[in-house]
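Here is the structure we will look at.
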Amino acid sequence: MKQSVLISIVAAAVVLSACTSPGAKTAIGAGAGAAVGAVTGAIIAHNTGGKSSTGAIVGGLAGATAGGLIGNYYDKQAKELAKIATVTKTDKGIEIVLKGEILFETGKSNLSVQAQKTLTDLNRVLKKYPANIIKIEGHTDSTGSVAANNALSVARAKAVYDYALAQGLKTAGLTYAGYGPANPIADNSTEAGRAKNRRVELQISTNKDLIAQYGGGD
């Protein structure tokens, strides 16, 4: 079979695998997986004396399947999490943003009653997805000293981290960090902007090797 024909088959496999996925993120994951798999397959076949084009097909199909599985994994939990908090799908996975005024009183790191309810609801969903790698990030506005804001952001991130552990959340990875006012998402010269900057984010990626083992969701 000519190489051009084989490449066309790989391309078709990419499209088909992507189209079987329910969301845009899934489609991107499938396509990327197929592309990487195709290249990897070609290299393997070449290095082992086989035909690189045939290797590309095998690798492409395997990559597309893996990519689609990852995309599905993100899509399912993103839909559930969006009912509880502000959720955005990113190139790396999922980002959850929790507003600071809902979580904490001004200048404090004790979780409010509302915060505990929100985190309980989030943890209930996240427990279904043990292949997640979650980094909890604390952020502040620019009011006050940088040193004080850095310490406050770490304390707030740790409060969310400790609550998740107390709730029995088990994932492939769970860490926390504080960034103080270093990463604003709005203008600190306005009250509305400062309110947006006072936040805790959950950055969710995944251990791809565990997705097939654990799956995810009900």
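Return the loop-located GluC sites (Glu not before Pro) in the range 78-125 (DSSP other than H, G, I, E, B) with at most 13 other Cβ atoms within 10 Å of their own Cβ; answer none if there are none. Passing both the DSSP loop test and the Cβ count: 105.
Amide H contacts under 5 Å for residue 171: none, restricted to partners 5 or more places along the chain or on a different chain, H placed in the peptide plane at 1.01 Å from N. Note on residue 116 and residue 95: the extension gain reaches 5.7 nm, defined as 0.36 nm multiplied by sequence separation minus the Cα-Cα distance.
Fully extended, how many nm does the chain gain between residue 147 and residue 207 (0.36 nm per residue separation, minus their Cα-Cα distance)?
Working: separation 60, 0.36 × 60 = 21.60 nm, distance 3.40 nm.
This chain segment gains 18.2 nm when fully extended.
Shown in residue order for the range 78-87 are the 3J(HN,Hα) couplings computed by the Karplus curve 6.51 cos²θ - 1.76 cosθ + 1.60 at θ = phi - 60°: 4, 5, 6, 5, 5, 6, 10, 8, 7, 10 Hz (x for Gly and Pro).
A simple spin-label model places the labels of residue 158 and residue 108 1.8 nm from each other, with each point 7 Å out along Cα-to-Cβ. Counting Lys and Arg as +1 and Asp and Glu as -1 over every other residue whose Cβ lies under 12 Å from the Cβ of residue 143, the net charge comes to 0. Taking amide H as placed 1.01 Å from N in the peptide plane, the amide H of residue 85 sits under 5 Å from none that are at least 5 places away or on another chain.
Amide H contacts of residue 141: 198, each under 5 Å away and 5 or more positions distant or on a separate chain (H built 1.01 Å from N in the peptide plane; Pro and chain starts excluded).
FYI, it's all coordinate maths here, none of it is from the lab. All values derive from a computational prediction rather than experimental measurement. Backbone-built Cβ (ideal geometry, glycine too); neighbour counts: all protein chains shown.
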